[in-house]
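Peer 1: Quick one: the structure is below, questions incoming.
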C-alpha cells in the first residue's frame, strides 16, 4: 500500500483483454496477501459491465483457499432490480465468479434490492458498510481494492455528471434516479471510492477510446476523471483498442512492464 499522501497513477496498455486479465490475475494474489498480512482480511468492490467479465470468469479458477477465506466481496454499484434479474450486477458477478467459489454468506455483501425503494436500499447498504469497516467518527470505509469501468459518457460505478450524489462528502452510498436511466441504482460515493487503497479501471473496446482519452486528459466534468484516491494507487488497465486515441507527444513517454506498455501522462 502506498505510504505517500499523493495519488499514484499508472496507465498500462495491453495487446488484448486476455493479456490485460493475465496482469490483473497475477496481481490479485499479491494484493490480497498484502491486505491479509496488514489487517487480516481483503475487501474488494466489484463493478458490472462487459469489460471485467473475462476477469471474473478466470478468477473463479484461482485455487487459494486460505486467501479466499479472508476475502469479502462488495459491489461498487447496483441496479434496483431483483438479484436474479438479467440487469443485476450481483447476478453477473454471481454467475461468473461466486457460483464457483466456496465462500460463506458473511463474505458476500450484495445490495438488498428486496426493499420498498432505492433510498432504503442505499441506506441499508451504507449500514452494511459501516458494520463491516467500523470507521471512526468522520472517517469513511477503506476498501483494499475497487474495480471500476468507464461508461461511454464518462460515468463510473453509478456516478453520473448530472447526478445529485456526485459531490457527496460524508455518505457512503447514494441512491441514483435519473430520467434517462432504465433502472434506479445504488452507488458507492466518490468519497468512498477515493478513500480506497487501490482503484483499478478495467476498460476494453474501441467504443471506449474517446472517453478514455478525455478521462486521462482530466476532463473535470467526467465522474471517471474525478477518481483520484487520496492515499492510494490508481491503475488504468486498457486494451489496445480502448487506448487507441491516447496521444503520446513524447517518444519517451512509455516504457514496458510485463506484457504492457506503461504510459507516463
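The values are calculated or read from the model by the stated rules, or taken from the named source; none is laboratory data. The structure displayed is predicted, hence computed values, not measured ones. Because the Cβ atoms are built from the backbone with ideal geometry, glycine has one as well, and the counts that use them run over all protein chains shown.
Peer 1: Can you pull out the residues in region 189-207 that are farther than 12 Å from residue 156 by Cα, in contact (Cβ under 8 Å) with a residue 60 or more places away in the chain and not in a loop (DSSP other than H, G, I, E, B)?
Peer 2: Within region 189-207, 192, 198 meet the criteria.
Peer 1: Can you tell me which residue is farthest from residue 142 (Cα to Cα) among those in region 45-69 that are at pLDDT 95 or above and touching a strand residue (DSSP E or B) at 6+ places or on another chain (Cβ under 6 Å)?
Peer 2: Taking the candidates together, the pick is 47.
Peer 1: Among the numbered criteria (1) closer than 30 Å to residue 176 by Cβ; (2) in contact (Cβ under 8 Å) with a residue 60 or more places away in the chain; (3) under 18 Å from the mean Cα position of the chain (by Cα), which one does residue 22 miss?
Peer 2: Every listed condition holds for residue 22 apart from (1).
Peer 1: Something else: For region 50-67, what are the residues that are outside any loop (DSSP other than H, G, I, E, B), surrounded by 12 or more Cβ atoms within 10 Å (Cβ to Cβ) and without any contact (Cβ under 8 Å) to a residue 40 or more places away in the chain?
Peer 2: If the condition is that a residue be outside any loop (DSSP other than H, G, I, E, B), surrounded by 12 or more Cβ atoms within 10 Å (Cβ to Cβ) and without any contact (Cβ under 8 Å) to a residue 40 or more places away in the chain, then 54, 58, 59, 67 are the ones that fit.
Peer 1: Against the definition (within 25 Å of residue 27 (Cα to Cα), surrounded by 20 or more Cβ atoms within 10 Å (Cβ to Cβ), at pLDDT 90 or above and over 18 Å from the mean Cα position of the chain (by Cα)), how does residue 260 come out, yes or no?
Peer 2: Spelling it out, it is not the case that residue 260 is within 25 Å of residue 27 (Cα to Cα), surrounded by 20 or more Cβ atoms within 10 Å (Cβ to Cβ), at pLDDT 90 or above and over 18 Å from the mean Cα position of the chain (by Cα).
Peer 1: Residue 210: modelled with pLDDT of 95 or more, surrounded by fewer than 22 Cβ atoms within 10 Å (Cβ to Cβ) and within 29 Å of residue 38 (Cα to Cα), yes or no?
Peer 2: no
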